[in-house]
1. Go through (1) within 23 Å of B:R239 (Cα to Cα); (2) in contact with a helix residue (DSSP H, G or I) (Cβ under 6 Å, 6 or more places away or on another chain); (3) buried (at least 22 other Cβ atoms within 10 Å of the Cβ) and name the single condition B:V94 misses.
2. Whether any residue in segment B:203-213 is among the acidic types (D, E) and surrounded by fewer than 23 Cβ atoms within 10 Å (Cβ to Cβ) is what I want to check.
3. Could you list, in sequence order, all residues of segment D:46-58 that are aliphatic (A, V, I, L, M) and open to solvent by less than 60 Å² (accessible area, probe 1.4 Å)?
4. Scan the strands (runs of 3 or more DSSP E) fully inside segment B:270-346 and keep the ones with 1 or more residues being open to solvent by less than 30 Å² (accessible area, probe 1.4 Å) and within 14 Å of chain C (Cβ to nearest Cβ).
5. Residue under question is B:G240, and the condition is that it be over 24 Å from B:L315 (Cβ atoms) and of a type outside the set (A, V, I, L, M); does it hold?
6. All but one of (1) more than 9 Å from chain D (Cβ to nearest Cβ); (2) in a helix (DSSP H, G or I) hold for A:L211; which doesn't?
7. When you go through (1) within 23 Å of D:I295 (Cα to Cα); (2) buried (at least 22 other Cβ atoms within 10 Å of the Cβ) one by one for D:R135, which number turns out not to apply?
There are 4 protein chains.
Amino acid sequence: MIKASIVGGTGYTGVELLRLLAIHPDVEVQAITSRSERGRSVAELFPSLRGHLALEFTEPSIDVLGSSDVVFFATPHGVAQSMARDIVSRGIRVIDLSADFRLRDVSVWEQWYGQAHACPELIETAVYGLPEINRDAIAGAQMVSCPGCYPTSVILGFLPLLRENIVDVDDLIANAASGVSGAGRGASVANLHAEVSDSFKAYGVAGHRHLPEIEQCLAALASGPVNLTFVPHLLPIVRGIHATLYASMANRDVDQAALQKLYEDYYAGEPFVDVLPAGMLPQTRTVRGANVCRIAVARPLARNKIVVMSAIDNLVKGASGQAVQNLNLMFGLPETRGLETPPLLP
Amino acid sequence: MIKASIVGGTGYTGVELLRLLAIHPDVEVQAITSRSERGRSVAELFPSLRGHLALEFTEPSIDVLGSSDVVFFATPHGVAQSMARDIVSRGIRVIDLSADFRLRDVSVWEQWYGQAHACPELIETAVYGLPEINRDAIAGAQMVSCPGCYPTSVILGFLPLLRENIVDVDDLIANAASGVSGAGRGASVANLHAEVSDSFKAYGVAGHRHLPEIEQCLAALASGPVNLTFVPHLLPIVRGIHATLYASMANRDVDQAALQKLYEDYYAGEPFVDVLPAGMLPQTRTVRGANVCRIAVARPLARNKIVVMSAIDNLVKGASGQAVQNLNLMFGLPETRGLETPPLLP
Amino acid sequence: MIKASIVGGTGYTGVELLRLLAIHPDVEVQAITSRSERGRSVAELFPSLRGHLALEFTEPSIDVLGSSDVVFFATPHGVAQSMARDIVSRGIRVIDLSADFRLRDVSVWEQWYGQAHACPELIETAVYGLPEINRDAIAGAQMVSCPGCYPTSVILGFLPLLRENIVDVDDLIANAASGVSGAGRGASVANLHAEVSDSFKAYGVAGHRHLPEIEQCLAALASGPVNLTFVPHLLPIVRGIHATLYASMANRDVDQAALQKLYEDYYAGEPFVDVLPAGMLPQTRTVRGANVCRIAVARPLARNKIVVMSAIDNLVKGASGQAVQNLNLMFGLPETRGLETPPLLP
Amino acid sequence: MIKASIVGGTGYTGVELLRLLAIHPDVEVQAITSRSERGRSVAELFPSLRGHLALEFTEPSIDVLGSSDVVFFATPHGVAQSMARDIVSRGIRVIDLSADFRLRDVSVWEQWYGQAHACPELIETAVYGLPEINRDAIAGAQMVSCPGCYPTSVILGFLPLLRENIVDVDDLIANAASGVSGAGRGASVANLHAEVSDSFKAYGVAGHRHLPEIEQCLAALASGPVNLTFVPHLLPIVRGIHATLYASMANRDVDQAALQKLYEDYYAGEPFVDVLPAGMLPQTRTVRGANVCRIAVARPLARNKIVVMSAIDNLVKGASGQAVQNLNLMFGLPETRGLETPPLLP
């Protein structure tokens, strides 16, 4: 059994990680930390886990974490970078769900996150944990930095177009929408049911922290700079991200059927990317609770614009499920281990 | 024009009061106070009011309030009792939406609210603002204490049964459910969309502050002590209270048709109580945004239990609309003035 | 591997059964029937099952069903009674999720369902599939009739009180609320999102078909007639039933602590009934997607009324999960096989 | 009093029109027609209107409609074109909320709607009822064709950019999302609460009937052909459309402040278009129930792409409210008459 610890288990990615690990046959959660809730039983905070997990929250300490095979960080940014050095130096593997090690350029990180980076020397070490583009590196990594939720949905959607050099990379658009669990479990007026429910809005239009992350990854895929306009929106649902991507055909003409085939071929071997048949479009409810990204591609009215739609559960393929997928790769397990449960529909 | 001020306008009853007063032809809001938001424009906090109201929040002070004809308190309990003495002593009328003056017995108030009452001498002065039982007293009152949202729905539902002495008052049950706007606009984890949405639960089973208020009023109607079991629930909707009331027929046999006639006759002259035709049941969406209580009464399978269902919008007939109805009575206006807009459906 | 067939797989209990059986290690679904969708792939109708199930809907026929070890009916009432005779006569086991064989008295069935019963001779054969009261009989049954969703939540909530003879069985109340998936997947105006969302209402007050089912079972537990007032309500959520039960203490005084202990002891060995610690109340979201009933019991203000709250997922413990639990019992498998996944929260 | 009749009052635009006209001081609804519901009281179908409207549905006939001053069509496409000739020939004014007379080119209409047009000779007569671009023509029109809901939100958003010739009209994108009331009140599986709630999806990607309508209008504004990519999405809310528009700066450089000023100046005199202050973004809940379009414009990170966000209530500014606004113009009333109620928030 792989001994896992979780730092920061009181948020939604934390409880989702616990839900997934509770049925993972090869992993045992040995500690979950929270300063604010230490001493409290996990099942008291999250009654859904009653009968599935007997742990209490503990103070985070290297003593507790030091006996683990792997440590997950399900924390806000800033925490992993302050603790990772110690853990990594003991040879323990780290899977970071936060934004701390996602950006390669520390100055870009510091600009977007507004603080000095506490551990720039590990940025190189941390492998970007998107298996669909980095599978081998993840398998050999000591430390994996899991992608953000929006980036996962946007990058998987653009991937075949960029790898095949089909579109104008200087004019990409990602219009994305997320359920409110993406905003975290902190008390806030803005995320009250009475504020969010039965409403819809854009936010972060002036600049969202996931933009440099997405552009960094798309640039790597395109082997050159890209320009993305990224507008996130807040959905009155709990789980789910839906991205609608727009790109102009630039270098060659590809008709609808060829686009469909391109995507199907490209993702044929991927266990967690599902290219829908022509004419079917993704819905967030068809991925709820499952580690899958469903994608459709279209060229409306045979005009010049390609439209890609992708849907994930932000807490699963966009966070905790992808973290487990990375764990499977890092420990040589079948990539789908513990992730076989179908989505919950309706 | 009646000059009105509102103390504590940043909550949901405050913004609802502003919405209703914005279209009231005889009232002008001259001040709205908030310590935390002073200097900020109301329309910035509540963009729905852009173009309808040019006020800024101000510091609450007797100077500002002293030139009003009427002062509304849309505050948590404890505020009105600390400020009412000054206002009342200047001859200004007060309409209190909070719980401060609802209970006649100050010791009961102090027991349920866990603090000393700062102004017990005004409890006698404050008229309980449920027009359907207190219309004349309200018309002559200097100070009105508006009922709680649950009490409004429960009392109007039981009223004909108690007045007519039909049921066993020692075994009344009110199973009620409220939309989350009833929990207020404060930041809290419990009321986040991701916590409340797509869920349902009871709360306050061990004892809810509206219980003594309801029992006090029902006892007055029954001319003797009553025993009510009251269980509130939290609905994943924004607005609306639905109460399902149970009582046993005790003193005489009344069949379904007679019950229907009793309710229809009883409320025939009431502008804001709507007894539905036999077979139609109230839904919260049919009262959304309007100052109306819809009621149905049934005697299922001709057994001994009478079931009454009542629905209100907790922010309107359960709070700010009832406050305006009381204002109309206090100032000699037609009772329906400013309250004629139909509910918003769908 | 147990070969299972499903008759009527296009509704919500059908797709939920498929979701659960997809991860059941001992069951293989060999056929799923639907007249209206025959020839269509299941994953086209329910894209959540893409990659989990390769079946197409087929015409229901004894040829297809005849090679099964077990046949599930996930059909409206009337279908199972027309087909069960043939299947049972071949020695195949039947698990009926519909209402066809729930009522022992065929005349009561015919009165509430408004049609003649097509197979009264099998009513005796069919075991009422609530494992918590009928475990042994289910294990030996050829045919199991699964309880309705409301009855499951209400019976499990009242069970200890009735078995222990604590309350007045002549005055029981069940105020219950269900998510809209309980209304099925048929096209209807009443269940449109724009009609149901952001609203709440009672329905079926004059008489609901689950009433005779619940009373039949409670009477058996109480060893005598009972009188239940049952009022169902429609919740603007997809999954979940919450029942709030009221009963008067009649025969002996049991305080809050003793009630808590009674329930904990009573359900101590039950894998799928969770008595919450004192002070914690069930929420439908803490059972979403899982085969569990969470229960709390209270005696508010030490008065005479006992209040019990129970929550289930209507599609799981209220339907398809309970069906799988029954299958496990009928085939000698561990009762929890395939049902270990924790609820989906948030 | 203006005598108004409504053809087809059983849908959501019909009931919304009734709600608005119920408080319009200059209009009296004298008839509302529905073949399927004839003889039934309107308040029975829509209990929200109890006490506000005493009408019954009647069979549509020229006798009933012939005594009106104005006839509204709140019908699916195909109805107005079959009845308008008779009504118009009697000199009665017509306000059509359907799509029948929106497209100038009858062949385009027939291609997108898949049927022959029954009344092409009135297409010229019908004025496109978007007051912000057509105010004078509407005032003098006998017949007004109200814009679709998506077109209203998209055209008002793009309008200043196109009139000022700032962007590349050959590459416009409208990513829009609508609440489910936009799908109408017909029984359908796709719009059930259990299908729509807690989910999000794109639809109509291959081509939506509002595309030619929007392009027709934008081309007129741009004085030349335009190319729009339009992707609608379905929101799990009841009311509201939010459009996120993308355009590339083409002909001159306009910074964020200049864009803001352009929009503010452009809409300064418009009673129902609200340009939000810089930094504030529209939310559908801030327009719920009101005849207003709120707009924000941004140039993220000073790059080349302009992003415009606009929000309306699809049933009000996107349908029935705009119809009343048109009535006011046609009958020489103040444009805001009957439309002064603030949005319902929360």
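1. Every condition holds for B:V94 apart from (1).
2. no
3. If the condition is that a residue be aliphatic (A, V, I, L, M) and open to solvent by less than 60 Å² (accessible area, probe 1.4 Å), then D:L49, D:L53, D:L55 are the ones that fit.
4. Here the list reads B:293-298, B:305-312.
5. The answer is no for B:G240.
6. Condition not satisfied by A:L211: (1).
7. For D:R135, the exception is condition (2).
Residue by residue, here is whether (1) charged (D, E, K, R); (2) modelled with pLDDT of 95 or more holds:
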site: D:V29; (1), (2): no, yes
site: D:E37; (1), (2): yes, no
site: D:S48; (1), (2): no, yes
site: D:E56; (1), (2): yes, yes
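The values are calculated or read from the model by the stated rules, or taken from the named source; none is laboratory data. In this text the structure is predicted, and so the values were computed from the model without any measurement. Note: ideal-geometry Cβ built from the backbone for every residue, glycine included; neighbour counts use all protein chains shown. Ligands, DNA and RNA are excluded from the accessible area calculation, which covers all protein heavy atoms including side chains. Shrake-Rupley method; radii C 1.70, N 1.55, O 1.52, S 1.80 Å.
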